[in-house]
Amino acid sequence: MNQTIQKLGLCAFVCLLAAGCHSSGTTPAPAAQNAAAAPQPAPAPVAAPPAAPKELACTGSTNGDDAAFVQTSTLYPLMNGKLGGWSSCVEKKLNKTDDQTTVTFLGGATLTVFLYPSSDAAAQEAALPAGSSITREDAIKALKDEVTDGCGVNWSKLNAGGPDASGDYKASGTSCTVDVHVKMLKGSVVGFGFSQAS
């Protein structure tokens, strides 16, 4: 009988212990420990620096100095940067002293540079397909940077015709011999350039 009471007592003790565990205020594990860690977004890739533009290299019949001269022009870096780089460059002699260099850019635009040491003159002419990324403001700024001290050019003439302009808008210097122009077609720049003599 003692053994029966002991068994009942042990059984009751275990039941009480189990009931106490269920009713006691045990602290559940933090959700963060039970749940899988939320995936973190991948870090943004670091953009590589833009590649340096390739140096202009020309073929043709001159002594090769014309490529260096073309790169000092303000028209060349504008076109090279906005049109995706140059694709070809050809130099040729016009006579014993005068040279012509034509740079072709991706998409077919060209910049032709004329050097006339015989008359101490020079000219540059850009031709572009309609709808290129070069704006009239870009062209006028490049021409202003190229023309020494402005030479008294009335630059507002190059802005004539409004936003949908078609035509060749020209201006000349009053204090030096220079002519500038911007050619438009339905609001797109299709040509611009200058000629200058000392």
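Condition check for W155 on (1) farther than 23 Å from V70 by Cα; (2) touching a Pro at 6+ places or on another chain (Cβ under 7 Å): one failure, at (2). Scanning region 72-92 for residues that are open to solvent by 40 Å² or more (accessible area, probe 1.4 Å) and among the aliphatic types (A, V, I, L, M) yields one hit, V90. Just one of the listed residues (T101, T59) is touching a strand residue (DSSP E or B) at 6+ places or on another chain (Cβ under 9 Å) and surrounded by 18 or more Cβ atoms within 10 Å (Cβ to Cβ), and it is T101.
Of the numbered criteria (1) out of contact with any Phe, Trp or Tyr (no Cβ under 9 Å at 6 or more places or on another chain); (2) free of Cβ contacts under 8 Å to residues at least 60 places away in the same chain; (3) loosely packed, with under 13 Cβ neighbours inside 10 Å, the one F69 fails is (3). Filtering region 116-139 to residues that are more than 15 Å from S73 (Cβ to Cβ), surrounded by 14 or more Cβ atoms within 10 Å (Cβ to Cβ) and of a type in the set (V, I, T) leaves nothing. Among residues of region 157-190 being touching an Asp or Glu at 6+ places or on another chain (Cβ under 7 Å) and either acidic (D, E) or within 21 Å of P129 (Cβ to Cβ) (or both), the one that is surrounded by the fewest Cβ atoms within 10 Å (Cβ to Cβ) is K186.
Residue-wise test of (1) out of contact with any Gly (no Cβ under 9 Å at 6 or more places or on another chain); (2) in a strand (DSSP E or B).
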{"residue": "Q71", "(1), (2)": "yes, no"}
{"residue": "Y76", "(1), (2)": "yes, no"}
{"residue": "S88", "(1), (2)": "yes, yes"}
{"residue": "T97", "(1), (2)": "yes, no"}
{"residue": "G107", "(1), (2)": "no, no"}
{"residue": "T112", "(1), (2)": "no, yes"}
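Among residues of region 185-198 that are closer than 18 Å to A142 by Cβ, those with a Cβ under 6 angstrom from a residue that is open to solvent by 40 Å² or more (accessible area, probe 1.4 Å) and basic (K, R), sequence gap 6+ or separate chain, pair up as V190/K183; G191/K183.
The values are calculated or read from the model by the stated rules, or taken from the named source; none is laboratory data. Note that this is a predicted model, so its numbers are computed, not measured. FYI the Cβ positions are ideal-geometry reconstructions off the backbone, even for glycines, and counts take in every protein chain you see. Please note that ligands, DNA and RNA were not included when accessible areas were found on the heavy atoms of the full protein model with its side chains. Shrake-Rupley method; radii C 1.70, N 1.55, O 1.52, S 1.80 Å.
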